[in-house]
Structure formats: C-alpha cells, structure tokens
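**Q** Would you mind keeping the following structure in view while I ask a few things?
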Amino acid sequence: MSLIEEQFTVSLSVNGTTRPVTVPARRLLSDAIRHDLELTGTHVGCEHGVCGACTVLLDGAPVRSCLMFAVQAEGHAITTVEGLADANGRLHPVQEAFRDCHGLQCGFCTPGFLTTIAAALEEYEPGADVSDEEAREIVGGNLCRCTGYQNIVKAVGRAQEIRTERAGRADGDAATSAGR
Amino acid sequence: MTTKLFGEPIVRREDARLIVGRGRYLDDIGHFALGVAFVRSPHANARIIDIDVSGAVDIDGVHAIYTYEDLDGPMAQPLPVLIPHPDLTAPRTGYALANGSVSHVGEPIVMVVADDRYLAEDAAERIAVEYEFRTPVVGVEAAERAEHAVHEDIPDNVAARLVQEFGNVGAALRDAPHTVSFTQTIERSASMPLEGKGVHARWDAVDESLRVYSSTQTSTSVRAAIAIKLDLSVDRVEVIAPDVGGGFGVKIVHPWPEELLVPWAAIRLGREVKWAEDRREHFISSAHERGQLQRITAGYDDEGRLLALDAHILHDHGAYTPYGIVVPIITSTQLLGPYRLANYRCQVDSMYTNTVIVTPYRGAGRPQGCFAMERTMDRIADELGLDRAKVREINLIRADEFPWDHHLMFQDGRPLIYDSGDYPSMLTKLRELVGWEDFEARRAAAAARGRWLGIGMALYVEGTGVGPYEGGHVQVLPSGKVLVSTGLTSQGQGHETAFAQVVAQELGVPIEDIEVHTGDTRRFAYAVGTFASRAAVMSGNAVALAAQAVRAKALRIAAEVLEVDVADLDIVDGVVGVRGDPGAVLPLASIAVLSNPLRYAFDEASKAATQFARFASDEQPPVADDDEPGLEGRDYYSPVRSTFASGAHAVIVEVDPGTCAVTIEKYAVVHDCGRLINPRIVEGQIHGGVAQGVGGALYEVMAYDDMGQLQNASFMDFLMPYVSEVPQRIDIGHQETPSPLNPLGIKGAGEAGVIPGSAAIAAALEDALGIRITQMPLGPSQLFDLIRAAGDGHADHTFNHARRSQEESA
C-alpha cells in the first residue's frame with residue numbers, strides 16, 4: 001500500500017542562496033529548512049506557532065516557519081539565523097548584544113528571538129532610542145523558559161546601541177574618504 | 001599573574017556557536033534517520049483488549065511496527081524504580097510499551113518506524129486499539145477516597161507513607177499557647193523546556209557498538225540503563241548529550257521508554273533511528289510536578305515563636321513512581337527552611353492518580369515545602385497581629401549556630417545538617433531592598449489611585465550539590481590546548497564557561513586555550529548527572545582538583561628540566577616560569593610534549609621527547625613507576641553531605657479591582673550561594689527561576705478533567721510567561737557565605753530562583769486583598785471568584801484586614 005504523496009520541486013531562496021527542494025505539499029517550511037537544507041539553526045519548539053523558536057524572516061518580515069508549507073515559500077527571500085551575520089562574517093548587532101548581555105542560556109529559543117529582533121530594529125534609524133517598553137513589545141511574542149527575559153530586553157537596547165555605534169563608524173569612514 | 005577569572009562575570013563561551021545557529025541539538029542530528037511515531041493512550045485508565053496494526057503494516061516506507069509482544073528479555077520487564085526507598089512500599093512503573101493496560105493519557109502503546117516522522121504518524125493513525133475503560137482517579141483527594149484504584153493491587157492508591165519527625169509534636173501542640181490549622185493546595189506545573197525530549201541511535205554492525213544521542217540530563221546513567229535493558233556490554237554503548245534545549249528536571253528521569261526503544265529498534269533494523277518529541281507528546285507523556293494538598297497545624301507562643309509543626313501532605317505522583325519519592329523527601333525536609341524548630345512531624349502520602357508521572361521540576365518539592373512553612377509564618381503573624389518579617393526574624397537560626405543539625409535524613413541519604421549561612425543578615429538586606437518599612441505609604445498612595453497593593457516575602461534554604469560524586473579530567477595537549485571533561489551534562493547553565501574559569505585559575509592558563517566537554521560518555525564515563533543545583537559544586541570542585549593534579553605534574557617536570565626547585569616555579573598564562581629569573585621559562589605545551597616519552601617524532605616539537613633527545617637518567621625508566629605518560633590529571637569530588645544555599649524573596653503586587661489582573665510592582669531577591677564562579681551566570685539563573693516562580697504562582701496549571709484528559713496540552717492553553725508576565729526588573733542582592741564543605745566554597749544556584757515564588761506572591765495577594773489565600777496559582781478569574789466569595793461570607797478575610805478596616809474607620 002502506498003501513501004506516497006505528489007512531490008513538488010520548489011526553489012527556496014535562503015540567506016541569499018537559491019536551492020531546489022523536492023517536497024510533498026504538506027512539508028512544513030521549518031522541516032524543509034532544517035532537514036532538507038540542513039540549516040538547523042532554526043528550531044522547532046511547539047509546531048503550533050506559539051513559541052516563536054522557528055521564526056525566520058520572509059522578505060524581511062518575521063514569520064513562524066512551522067506555520068507555513070515549504071511550497072508557499074517559493075519566490076520569497078528567507079533569512080534564518082545563519083544568515084544574520086554579514087557577508088564578512090561580522091555578527092549582526094543583535095547577535096553581539098545577546099552574547100554581551102547574557103541574553104541566552106540553553107540557546108534553543110534564541111534563533112527566533114534574534115530574527116524577530118533583527119527585523120524589528122530595521123524600523124528604527126541608528127541613533128534612535130528603543131525604550132524598554134518598546135523592547136518588551138518587540139520580544140512579546142516569543143517564549144523563553146531559561147532567562148526570565150530580563151537580559152533579552154537588555155539585549156534589544158544593546159543591539160540598537162551597537163547599530164548606532166556601527167553607523168557612527170561608517171559615517172566617520174565615509175567622512176574620512178570624502179575628505180581625501 | 002594570570003588574569004583572575006574565578007568570580008568574574010565574563011561572557012559565556014558557548015554563546016559563540018549558539019548565536020549563529022551552530023548549536024547541535026538532538027533533532028539537528030541524523031537528517032536521514034528513520035522517523036518514529038507512537039500510538040499513545042487516549043484514555044487515563046483502561047485495559048487493552050486488542051491492537052490491530054493491519055491498516056498500517058503494509059504501507060510503503062513503514063519499516064516496523066512494535067507492540068509489547070515484540071519486546072524481549074529485559075526490555076519486556078517493567079521500567080526501573082530508579083531510586084528505591086524503604087518507605088516506597090508499593091512502587092509501580094510502566095513498560096517501554098504498554099503491557100495490557102494503560103494508566104494515563106499519553107502512555108506509549110505502539111511504536112511505528114518509517115521513512116520519516118510524517119509517514120510514521122500517518123501509519124500510527126491507521127492502527128486501531130480496542131480498550132476496556134476503567135474509572136480514572138484524578139486528583140489527590142479522589143486518590144485518598146480510594147473509591148477507585150489506579151492499580152488494581154494497590155486499592156488505597158498509596159505508594160509511600162513518608163514520615164519525618166523530631167521532638168514531640170503531639171505534646172508540644174497541646175502545650176502551645178496558640179495553635180492554628182489550615183489546608184492549602186498547590187497546582188501542578190511542569191519543567192516545559194523549549195526543546196522536548198529526543199533520542200537518536202546508530203548501531204555499528206561492524207564494530208558491534210551503539211551510539212546514542214539523547215536530550216538528557218544524565219548521559220552516563222542512560223548508558224547504563226540502555227546496556228542493561230538491551231543486554232549489551234556497557235563498553236559497547238556510548239551516550240552523548242548534545243546541546244540540550246533546557247531540562248529543568250524532566251530530562252533527569254531515565255530511561256524514558258523512547259530512550260530504550262529507539263536504540264533497540266536501531267539495532268533490530270540496522271538503521272539510524274530518531275525520535276524527537278513534539279509539544280503535545282511532551283505535555284501528556286513527559287513528567288509534571290508540584291501538585292500537593294497540605295494540612296498544617298502549628299503551635300506558637302505570644303511572640304510568634306514556632307513551637308511545633310505538624311504537616312500532613314498528599315502528594316500527587318501520577319501513575320507511576322520511576323523516580324521514587326525524592327519529591328516528597330525534599331518537601332518534607334526542606335519545609336523547615338531557615339528556622340529553628342524543636343518539634344516537627346511531616347507525613348507525606350504519595351498517591352497514585354491516573355495522570356502523567358510527577359518527578360522533579362526545578363525546585364523539586366521545595367516550592368511546596370516553602371509554601372507550607374512561609375504561609376505558616378504569615379498565618380502566625382496574622383493571628384497575633386505582628387509584622388510578618390518580625391515573626392520570621394524571631395524564628396531564624398542565628399549566624400553563629402552553624403552547623404545546624406535537624407536530625408533528619410536528606411534526599412541523598414545523608415544527615416540534614418546546614419553547613420553555613422547568615423539568615424538574619426539576609427532578611428535585613430531583603431527588607432531594605434524591597435522597602436518593607438516604607439510599604440504602608442506606598443499602599444496608601446496606590447489606594448488613592450483605586451488600586452490594591454500588597455507585599456509578601458518568603459525565605460528558603462536549599463540543599464544543593466548532592467553526591468555521590470562527580471569527576472573531572474584535565475589534559476594539556478602538545479598543541480597547548482587544554483581539554484577539560486566532566487561527565488555531567490549541560491542544559492544552558494554555562495558550564496563551558498564556569499568550568500573553564502575554574503581550570504584557568506587553578507592551572508594558570510589563558511581561558512582561550514581551554515575547551516570544556518560535558519555529558520559525553522566517550523570522554524568521561526563516570527558521572528551522576530545535572531540536577532539538584534549540583535553541577536557547579538560537584539564538577540566545579542572536581543575539575544579544580546584535576547587541574548591541581550596537572551599543575552603539580554607540570555611543575556615537577558619543569559623543575560627537572562629547568563633544574564630548579566618546584567617551590568620557585570609558577571604558571572602564568574600557560575607558561576612555567578622561575579620566580580626572579582625572567583629568562584627561564586617553559587610553556588605547558590612543551591611540558592606536555594616532554595611528559596610523553598616518544599620513539600617516533602611526527603613534527604619538530606615532538607623531537608624533544610624522543611629517546612635520543614630527551615633528558616633522562618640512565619638509571620630511571622622513561623616513565624617512572626608511579627608516573628604515567630601525558631600531562632593530564634583526573635580527580636573526583638565526593639562530598640560528605642549536601643551544602644545548603646539560602647535566599648529570601650519579597651514581592652509587591654498590584655491588583656486591579658476591576659479586572660483582578662495582577663501586576664508585579666517590585667521583585668527583590670537576596671541570594672546566598674557561597675562563592676560565585678561567575679556572577680553573570682548566577683544572576684541569569686535567578687532571573688529564569690523567578691520567571692518560573694511567577695508562572696507557577698499566577699499562570700501555570702495542568703488542567704486535567706475528571707476523565708484524566710489534559711485540557712490545556714499546548715502552548716496556546718498552558719500559560720507559560722511571556723515577557724509581559726514577568727517582573728520588569730528583578731533587584732538582586734548577593735550575600736556570600738562560603739561552604740566549608742568543598743575546596744571552592746561554593747553552593748548551588750540553579751533552582752533557587754523558583755522556590756519561594758508561590759509563597760511570596762500568595763502572601764502579597766493576601767496582603768493586597770485581605771482575603772486568605774490557600775491555593776496557588778491564582779489567575780484573575782480565581783481572584784474574582786475569591787473576592788466575591790469573601791463578600792458573600794464564603795471565604796475568610798484575614799485578621800489583618802479587619803484591623804486595617806478598623807483603623808480606617810477610626
């Protein structure tokens with residue numbers, strides 16, 4: 001007896017690289033990312049969209065990859081935690097901030113927080129203030145069982161500081177080269 | 001001098017891989033492994049009449065379907081009672097797959113192995129099980145009534161009657177100037193790590209060896225269990241705990257059925273097999289904790305001195321007792337807290353119910369014990385009209401009274417003797433930190449805004465660092481890299497950082513050169529596990545001792561090479577130097593080369609250790625009789641008994657009279673875990689514990705209905721705190737009373753944060769509302785009902801409420 005389902009070959013663009021995967025229609029995006037593309041940084045904590053551990057960015061916006069099918073992701077640009085650092089391998093400000101602030105313990109929920117916060121900070125210009133209240137709002141949909149969120153909230157503010165510092169340095173570099 | 005590292009809040013070393021998605025958790029391993037799904041019982045109490053697998057067995061891609069009938073040898077025997085105890089007179093455990101009956105919803109009955117988990121679930125759905133229903137027993141009161149039995153041959157549903165006793169409670173209660181009796185309940189919750197359990201197994205038929213990865217808190221013990229149950233020689237089995245996404249107790253239980261079935265199937269099928277638990281499975285088949293009903297009678301004098309305490313506790317341990325009666329033992333011993341008491345009796349009846357098993361969840365019976373004692377203190381204060389802090393103060397063990405012997409046996413089978421502490425100073429610090437004396441002004445200001453404010457506190461003592469032992473291995477490689485191994489596992493506690501700090505300091509090497517490994521039986525085969533706030537105490541001291549052994553050997557070799565006295569040598573930044581002679585230096589890497597006499601050279605460095613190059617006496621063998629090759633050391637730390645940490649929490653809550661929503665206005669913690677290895681990590685542990693304490697006090701319940709169905713088995717319905725539910729700030733005061741029991745003077749910190757949460761918040765709610773709080777947790781609906789019941793005369797106001805009302809009207 002065969003229950004083998006119809007397979008679909010779709011192109012998934014993840015972290016700037018497009019790769020084909022052949023999957024049944026019901027294959028969750030989270031499983032395709034983790035097991036077909038072997039990008040295991042994205043974690044699955046509940047498979048019902050509540051915990052946020054599986055959050056990836058779809059065209060820059062956070063989505064729960066356990067609530068999407070892989071076939072729905074074709075034509076969209078997906079960013080996972082593995083794609084947050086820049087092309088030179090420099091950590092994203094929020095990654096640096098989580099380390100600086102002890103924003104993680106077991107690390108399982110962390111990729112979902114990192115992607116969520118990275119997307120949210122794009123709404124802020126470097127130099128703009130992110131209040132604690134705004135920080136709590138940003139991380140308000142993700143579950144963490146280890147940290148009690150205290151240092152995660154701090155890390156949001158710290159990430160924005162790092163963005164500001166980096167923008168300042170970039171401006172400085174630009175000013176230096178313009179002056180030559 | 002090497003940079004001081006012990007006690008420094010350095011950033012964690014494990015974070016480098018975890019923040020970029022390069023952690024390796026259980027389900028990150030084995031992308032091509034066969035998937036597993038289980039048919040689990042939908043009924044809480046039933047006999048299995050028939051299992052029909054005909055609808056699933058011929059599906060393409062299904063490799064095997066197993067029931068109890070397929071289990072052989074030790075696998076067909078019941079799962080072990082891990083911690084036997086003389087008072088556990090009617091132990092009962094389940095089977096890897098149900099043998100003819102099921103005792104809780106979620107119990108595994110059939111195992112399906114297929115190409116992947118999707119297909120395995122499809123096949124599992126096509127398996128039909130016929131049941132004969134029996135009336136389930138849900139809740140300890142139903143268990144006590146014993147109208148129905150969970151297990152037919154245990155008609156009273158009692159697994160154990162544990163009595164802890166000293167003094168003469170009966171006489172002391174009769175003679176006490178005052179007595180008070182009350183009953184209170186505390187609900188079930190669960191560890192609920194973000195990563196569920198999981199097992200991956202691979203059988204190497206050529207090597208006849210088994211490698212198992214498990215998301216466990218004890219890889220060495222899982223290894224022993226697998227070897228016994230699968231009838232393998234233990235040397236053929238290796239078990240590795242990879243990165244583990246939180247444990248909090250649930251992963252110390254072992255062997256879970258899946259930890260045996262997955263490797264068993266991998267051997268039979270000759271294929272890699274993996275099972276990763278989904279969230280619903282975790283809710284209904286992994287362990288819960290907390291649920292107790294407590295009947296308390298206390299005798300006290302006019303000043304609030306506690307003279308006698310009699311507690312009768314019904315403990316809900318669910319359907320089986322694989323972890324023995326550890327939770328009842330801890331509740332009944334740690335209930336005593338930081339107080340002096342001459343007459344004590346605590347009876348815990350550990351009751352079977354048709355619900356998932358109850359085994360330690362962070363705190364492990366202490367939150368319940370703390371709830372009993374601290375609510376007793378509040379009750380005495382209320383009855384006498386005294387300040388709650390003052391009543392506690394008069395009962396505290398004084399700083400000069402250590403060691404304090406309670407003359408009871410603790411959970412490690414050792415005497416319950418507090419090693420050190422300073423409880424009065426802790427209480428003073430707490431009052432300052434929370435603003436205890438200024439609170440009435442704050443309450444009045446809130447009342448003027450139409451808000452109800454209340455304050456509460458709770459103190460606890462926590463036995464940490466239980467034995468029997470842990471070990472450590474430190475090895476300096478010829479490259480200069482320092483490998484550190486200990487057998488216990490890590491679930492986010494920062495062991496790779498903390499143990500590296502200890503070794504860097506003891507050995508005198510840069511922390512960057514150190515690599516720490518935990519929970520891997522290939523690297524260290526002797527260990528107990530990570531639970532009971534024991535890892536820093538046990539393995540911290542073990543790796544310190546191992547590092548000292550390496551240091552001694554390095555200095556001995558260096559003294560020979562440099563022709564100086566050992567006493568003139570020191571190790572700084574990984575280099576042995578002679579005091580007062582900056583030119584005479586020898587890196588540890590070179591000593592590592594010299595420590596291993598060679599016949600063959602592989603590179604320039606190793607030439608120094610070959611037979612024609614090496615310094616050696618003609619009369620001595622290259623490896624002396626009492627020596628061994630290599631620059632490495634192994635040692636064990638085994639304490640005579642536990643070391644006792646302590647703490648005190650105070651909380652100010654605000655209740656919205658309209659919605660009954662509770663807001664935590666202030667949360668203050670004074671914490672004493674002896675010397676701190678890394679304050680940043682300790683504070684993180686406290687933060688996480690407090691959040692779990694708040695969850696347990698205000699939100700988390702396991703909503704079983706009368707049929708034993710868990711009604712809220714998802715993150716949508718089980719209200720685990722988000723950031724919006726935790727205090728916006730946690731004020732922490734550290735106090736460091738070193739333990740005299742171990743070389744580093746440390747005590748455990750892992751569980752502390754969660755212990756007093758329910759007691760302190762209950763006290764604050766009671767203070768805010770003026771209504772007696774006898775159940776936790778309490779959400780807005782329950783508070784609303786309670787306020788209405790008090791208005792109707794169906795719930796009691798506190799005496800303090802009456803006093804305040806009088807003052808207001810006067």
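We did not get these values from a lab; they are worked out from the coordinates using the rules stated. Values in this document were obtained by computation on a predicted structure and should not be read as measured data. For neighbour counting, all protein chains shown are included, and Cβ atoms are generated from backbone atoms with ideal geometry for every residue, glycine included.
**Q** Please report the antiparallel percentage of DSSP beta bridges with both residues in the protein assembly as shown, rounded to the nearest 5.
**A** Working: 122 of 152 bridges.
Percent antiparallel among DSSP bridges in the protein assembly as shown is about 80.
**Q** So if I take the centroid of the Cα atoms in segment B:53-95 and the same for segment B:538-593, what is the distance between those two points in Å?
**A** Spelled out, the Cα-based centre of one part sits 54 Å from the other.
**Q** Here's something else I'd like to know. Only counting other Cβ atoms within 10 Å, I'd like B:Ser332, B:Ser590, A:Ser2 sorted with the fewest neighbours first.
**A** Working: B:Ser332 28, B:Ser590 21, A:Ser2 8.
Result, fewest neighbours first: A:Ser2, B:Ser590, B:Ser332.
**Q** Order these by the 10 Å Cβ neighbour count, fewest first: B:Thr518, A:Thr79. The partial results should precede the final answer.
**A** Values: B:Thr518 25, A:Thr79 21.
Sorted ascending by nearby Cβ count, the order is A:Thr79, B:Thr518.
**Q** Cα centroid distance between segment B:352-408 and segment A:113-154, in Å?
**A** 37
**Q** Can I ask one more? For segment B:241-347, what class follows from the C-alpha gyration tensor (a ≥ b ≥ c being the square roots of its eigenvalues): rounded when a/c is under 1.5, otherwise prolate if a/b is larger than b/c, else oblate?
**A** Working: a/c = 3.74, a/b = 3.33, b/c = 1.12.
Since a/c reaches 1.5 and a/b is larger than b/c, the shape of segment B:241-347 is classed as prolate.
**Q** Bin all alpha-carbon pair distances of segment A:7-83 at 10 Å intervals from 0 and give each bin's fraction as a whole percent.
**A** Using 10 Å bins, I get a P(r) of 22, 61, 17 for segment A:7-83.
**Q** How large are Rg and Dmax for segment B:138-209 when only the alpha carbon atoms are used, in Å?
**A** 23.5, 77
**Q** Compute the orientation-averaged projected area for segment A:10-53 from the convex hull of its Cα atoms and round it to one decimal in nm². Don't jump to the answer; show the numbers that get you there.
**A** Details: hull surface 13.1 nm².
Spelled out: convex hull of the Cα atoms, projected over all directions, averaged, 3.3 nm².
**Q** Quick one: Karplus J couplings for segment B:776-791, per residue in order, coefficients 6.51, -1.76, 1.60, θ = phi - 60°, nearest Hz, x for Gly and Pro?
**A** 9, x, 10, x, x, 5, 5, 5, 4, 4, 5, 5, 5, 4, 5, x
**Q** Could you tell me which helices of chain A pass both thresholds, a Cα extent of 15 Å or more along their own axis and a mean Kyte-Doolittle hydropathy of at least -1.0, with helices taken as whole DSSP H runs? Working shown, then result.
**A** On the way: long enough: A:110-121 (16 Å, 1.35); A:150-179 (44 Å, -0.67).
Those that clear 15 Å and a mean of -1.0 are A:110-121, A:150-179.
**Q** Related question: For segment B:538-678, what size does the Cα cloud have along each of its three principal axes, sorted from largest down, in whole Å?
**A** Result, largest extent first: 90, 35, 32 Å.
**Q** Against the 2.2 N^0.38 Å scaling, with N counting residues, where does chain B land? I'd like the Cα-based Rg ratio to two decimal places. Before the final figure, lay out each step's value.
**A** Values: Rg = 28.7 Å, N = 810, 2.2 N^0.38 = 28.0 Å.
Rg over 2.2 N^0.38 Å, computed on Cα atoms: 1.02.
**Q** Debye calculation, C-alpha points only, no solvent: report log10 I(q)/I(0) for segment A:93-174 at q = 0.15, 0.26 Å⁻¹, in the same order as the q values.
**A** These q points yield log10 I(q)/I(0) values of -0.48, -1.28.
**Q** On the first, second and third principal axes, largest extent first, how far apart are the outermost C-alpha atoms of segment B:160-272 in Å?
**A** Rounded to whole Å, the extents work out to 76, 31, 20 Å.
**Q** In whole Hz and in residue order, list the ³J(HN,Hα) couplings for segment A:4-14 that follow from phi through the Karplus curve 6.51 cos²θ - 1.76 cosθ + 1.60, θ = phi - 60°; x for Gly and Pro.
**A** So the J values, rounded to whole Hz, are 4, 9, 4, 9, 10, 9, 10, 9, 10, 9, 10.
**Q** While we're here: Report the relative contact order of segment B:667-777, percent, no decimals, based on alpha-carbon pairs under 8 angstrom and at least 6 residues apart.
**A** Numbers: 151 pairs, mean separation 50.0, N = 111.
It rounds to 45 percent for segment B:667-777.
**Q** Right, here's the next one. If one computes the Cα centroid of segment B:481-516 and of segment B:141-215, what distance in Å separates the two points?
**A** Here the answer is 35 Å between Cα centres.
**Q** Also: For chain B, what is the number of Lys pairs with C-alpha distance below 24 angstrom, counting only pairs 8 or more positions apart or on separate chains?
**A** Within chain B, the lysine pair count is 17.
**Q** May I pose another question? Can you show me the helix-derived [θ] at 222 nm for chain B, built from DSSP H runs with n ≥ 4 at -39,500 (n - 2.57) apiece and divided by the number of residues, rounded to the nearest 500. Write down the numbers at each step before the final one.
**A** Numbers: 20 runs with 219 residues, N = 810.
Computed ellipticity for chain B at 222 nm equals -8000 deg cm²/dmol.
**Q** Still on this structure, please answer the following. Would you mind ranking B:His200, B:His794 by Cβ crowding within 10 Å, fewest neighbours first? Walk me through the numbers on the way to the answer.
**A** Numbers: B:His200 25, B:His794 10.
Ordered from fewest to most neighbouring Cβ atoms within 10 Å, B:His200, B:His794 come out as B:His794, B:His200.
**Q** Separate question: From the alpha carbon gyration tensor of segment B:498-592, can you work out the equivalent ellipsoid semi-axes (sqrt of 5 times each eigenvalue) and give them in Å, largest to smallest?
**A** Numbers: eigenvalues 182, 29, 26 Å².
Over the Cα atoms of segment B:498-592, the ellipsoid semi-axes are 30, 12, 11 Å.
**Q** Could you grab the relative contact order for segment A:93-174? Cα pairs under 8 Å, six or more apart, rounded to a whole percent.
**A** Details: 86 pairs, mean separation 40.0, N = 82.
Relative contact order comes out at 49 percent.
**Q** Also: For segment B:470-475, in order, what is each residue's ³J(HN,Hα) by Karplus, 6.51 cos²θ - 1.76 cosθ + 1.60 with θ = phi - 60°, in whole Hz (x at glycine and Pro)?
**A** 9, x, x, 10, 10, 9
**Q** Convex hull over the alpha-carbon atoms of segment B:707-792: what's its volume per residue in Å³? Numbers along the way, then the final one.
**A** Values: hull volume 18.0 nm³, N = 86.
Spread over its residues, the Cα hull of segment B:707-792 gives 209 Å³ apiece.
**Q** Specify whether the C-alpha gyration tensor of the protein assembly as shown places it in the rounded, prolate or oblate class, a ≥ b ≥ c being the square roots of the eigenvalues: rounded for a/c under 1.5, otherwise prolate if a/b is larger than b/c and oblate if not.
**A** Values: a/c = 1.35, a/b = 1.18, b/c = 1.14.
Since a/c stays below 1.5, the shape of the protein assembly as shown is classed as rounded.
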